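To start, the structure itself, in structure tokens.
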Amino acid sequence: MTLPERIRGALLRWDRLLVIATLALPIAATSVLGFLWLGQQGYLLQFVGLSALFGGMVTLLRWLARRRRRPAPVTVGDLAAGMAVSANPDWLPHEAAAFERARARIEATTASAQPWEALPDLALGIVDEVAKGFGSRTALDFTLPEALLLIERSVTRYRARLRAHVPFADTVSLQTLRWIWRNRGNLSGLWTAGRYGYRALRVLLNPAVGIAREVELIVSGGNSDWLSDQMMGVLQAILLEEVAYSAVELYSGRLRFSDAELLAIELEQTDADMARMAEADTPLRVVFVGQTSAGKSTLINALLGDDRAETDMAPTTPGLVTYEAAIGGVPCHWIDSRGIDGSEASLAALLAELREADMIVWVLRANRPGRAADLALLQRFEASFAAEPARRRPEILAVASCIDQLAPGWPYPENRLPAEVQQVFAGAVAAIAGDMGGLRPLPVCAVSPDWNVEPLRAEMEAGLGHALLVQRNRRRMAANRGGRSVAEAARSGRGFLQGAGKFGSRLARRAFSSGTPPE
């Protein structure tokens with residue numbers, strides 16, 4: 001027997017109804033006779049007044065006792081603020097701005113509740129509003145796989161909220177919900193009858209409290225429709241904000257690939273690193289860039305604490321060399337790049353490497369005034385990211401290396417710099433910042449006894465959060481690379497050949513099984 005059938009059987013048994021009626025009848029009869037006697041004696045109004053006064057005094061005392069510890073009442077605005085959909089901290093500034101514009105439109109639209117049948121058109125308008133924040137895109141400007149992934153993410157998020165906030169969501173079967181829905185008319189009538197019966201019984205058992213509650217219902221009845229309208233508006237606003245959130249995720253490219261697909265893309269990208277890698281693969285890419293003999297390898301040795309990068313006064317990094325390291329416990333690749341020589345080939349190769357970096361350490365020799373090659377690469381780097389607002393730009397940590405070459409008598413006891421040396425260092429830092437468009441470096445001495453290496457390591461650790469966001473953004477945008485297009489074309493070709501083979505084999509089997517050769 002199902003749960004609804006057991007409930008109906010328990011309520012419809014005559015013996016249980018008889019017991020309930022037997023217990024309730026004496027109380028009801030006594031109350032009715034008592035009111036009749038008070039009416040005959042002319043004391044009914046006095047009794048009601050005294051009961052109301054006594055009930056009011058008790059209510060006042062309870063209110064005074066609870067006033068200090070009673071929490072502030074929850075308003076519709078509080079519910080709206082608590083249930084509002086928050087922006088994703090991974091979003092870029094223009095993505096967050098598009099979401100805020102959509103949220104402002106939702107707030108204005110749902111100031112009063114809208115008809116539910118108009119909600120699909122409102123949702124489409126919100127999607128179009130978000131799409132305008134991504135350039136020339138319009139509503140429905142996305143692919144079928146993106147739409148399917150959007151449905152998958154939404155269903156997963158809705159399932160988690162259902163299990164977290166709806167009691168007995170894991171135990172109530174769909175059959176029970178279907179029975180409740182089919183009998184909603186009878187259940188609504190039963191609820192209304194039970195509510196009126198409870199109100200009548202409350203007046204009979206405690207006239208003072210019952211009458212006070214009835215007066216309270218009459219007074220607040222005019223506000224119930226307004227409250228219901230406001231609650232409907234809040235619910236509609238939450239639903240439309242979810243639509244806006246999903247639209248930002250969709251148009252930003254975050255729903256182009258699932259997490260498993262992003263992992264496969266990242267593994268494809270790191271194949272080049274593994275081919276030239278000195279040690280095992282790690283996810284975070286930190287690129288050290290600078291002119292030839294700027295001190296990149298020496299700085300890497302100082303940060304690593306060993307001599308894995310060979311150094312001398314000749315160009316030391318003819319290609320790209322990858323070292324395994326960790327920043328704040330986060331594993332990463334430290335990539336020692338070739339020196340900037342100002343040639344077009346060098347600038348193009350280094351720009352491609354910088355665009356795939358999650359963090360950049362730009363090494364500038366403090367005692368070398370020629371920085372035109374560095375500035376040319378930096379300007380190309382900035383222009384490439386300005387042309388792609390969807391890309392998150394990696395942070396650049398500038399380092400003024402070989403700063404000890406500007407200080408006669410180096411090293412100083414306990415690293416206490418004389419005032420005149422501090423002025424020289426400050427002038428060198430200001431000169432580099434002026435030559436590099438405001439990129440202010442940290443002065444560092446990477447040879448023993450080193451100086452300011454630990455502050456540089458602390459800056460790298462502080463930039464981990466941004467570097468991880470850059471990496472996630474880079475993974476999402478990896479599909480725009482030429483390699484991905486070639487891979488997609490190859491995959492499409494394989495799929496076409498496999499489909500043609502299956503179709504041909506089935507056609508041949510049918511022809512031979514029918515015994516009639518095809519003409």
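The values are calculated or read from the model by the stated rules, or taken from the named source; none is laboratory data. What you are looking at is a predicted structure, and each value in this text was computed from that prediction instead of being measured. Note: ideal-geometry Cβ built from the backbone for every residue, glycine included; neighbour counts use all protein chains shown.
Residues of the stretch 152-179 that are of a type in the set (A, V, I, L, M, F, W, C), within 22 Å of S246 (Cβ to Cβ) and either modelled with pLDDT of 70 or more or in contact with a His (Cβ under 7 Å, 6 or more places away or on another chain) (or both): A160, A164.
Quick test for you: out of S384, S448, pick the one residue that is surrounded by fewer than 16 Cβ atoms within 10 Å (Cβ to Cβ), in the same structural domain as I340 (by TED's automatic domain parsing), within 18 Å of L350 (Cα to Cα) and out of contact with any Cys (no Cβ under 6 Å at 6 or more places or on another chain). If you could, list the steps in order and put the result at the bottom.
Working: S448 fails: within 18 Å of L350 (Cα to Cα).
Step by step, each of S384, S448 is checked, and only S384 is surrounded by fewer than 16 Cβ atoms within 10 Å (Cβ to Cβ), in the same structural domain as I340 (by TED's automatic domain parsing), within 18 Å of L350 (Cα to Cα) and out of contact with any Cys (no Cβ under 6 Å at 6 or more places or on another chain).
Residues that are of a type in the set (V, I, T), without any contact (Cβ under 8 Å) to a residue 40 or more places away in the chain and touching a helix residue (DSSP H, G or I) at 6+ places or on another chain (Cβ under 9 Å) do occur in the stretch 406-427, at least one of them.
Among residues of the stretch 139-159 that are of a type in the set (F, W, Y), those with a Cβ under 8 angstrom from a residue that is modelled with pLDDT of 75 or more, sequence gap 6+ or separate chain, pair up as F142/L250; F142/Y251.
State yes or no: is T322 modelled with pLDDT of 70 or more and not in a helix (DSSP H, G or I)?
Details: modelled with pLDDT of 70 or more: yes; not in a helix (DSSP H, G or I): yes.
Yes: the conditions hold for T322.
Taking the criterion of being more than 34 Å from the chain's Cα centre (by Cα) and of a type outside the set (V, I, T), the residues of the stretch 443-478 that qualify are P443, C445, A446, S448, P449, D450, W451, N452.
Can you tell me which residue among A113, A108 is assigned by TED's automatic domain parsing to the domain that holds Q236, farther than 15 Å from E249 by Cβ and outside any helix (DSSP H, G or I)? Can you show your working first?
Working: A108 fails: outside any helix (DSSP H, G or I).
Being assigned by TED's automatic domain parsing to the domain that holds Q236, farther than 15 Å from E249 by Cβ and outside any helix (DSSP H, G or I) holds for just one of A113, A108, which is A113.
Restricting attention to the stretch 325-370, the residues that are touching a residue at least 12 places away in the same chain (Cβ under 8 Å), assigned to a loop (DSSP other than H, G, I, E, B) and within 35 Å of the chain's Cα centre (by Cα) total 5.
Can you give me the ranges of the helices (runs of 4 or more DSSP H) entirely in the stretch 1-104 with at least 3 residues that are modelled with pLDDT of 75 or more?
Details: elements: 3-11, 14-41, 44-66, 76-83.
Once the helices (runs of 4 or more DSSP H) in the stretch 1-104 are filtered for at least 3 residues that are modelled with pLDDT of 75 or more, what remains is 14-41, 44-66.
When the stretch 85-113 is limited to residues that are β-branched (V, I, T) and under 16 Å from L124 (Cα atoms), the one that is surrounded by the fewest Cβ atoms within 10 Å (Cβ to Cβ) turns out to be T109.
Of everything in the stretch 385-431, what is under 22 Å from V286 (Cα atoms) and hydrophobic (A, V, I, L, M, F, W, C)? Give them in sequence order.
Initial filter on the stretch 385-431 (under 22 Å from V286 (Cα atoms)): 385-386, 388-402.
Listed by number, the residues that qualify are F385, A386, A390, I396, L397, A398, V399, A400, C402.
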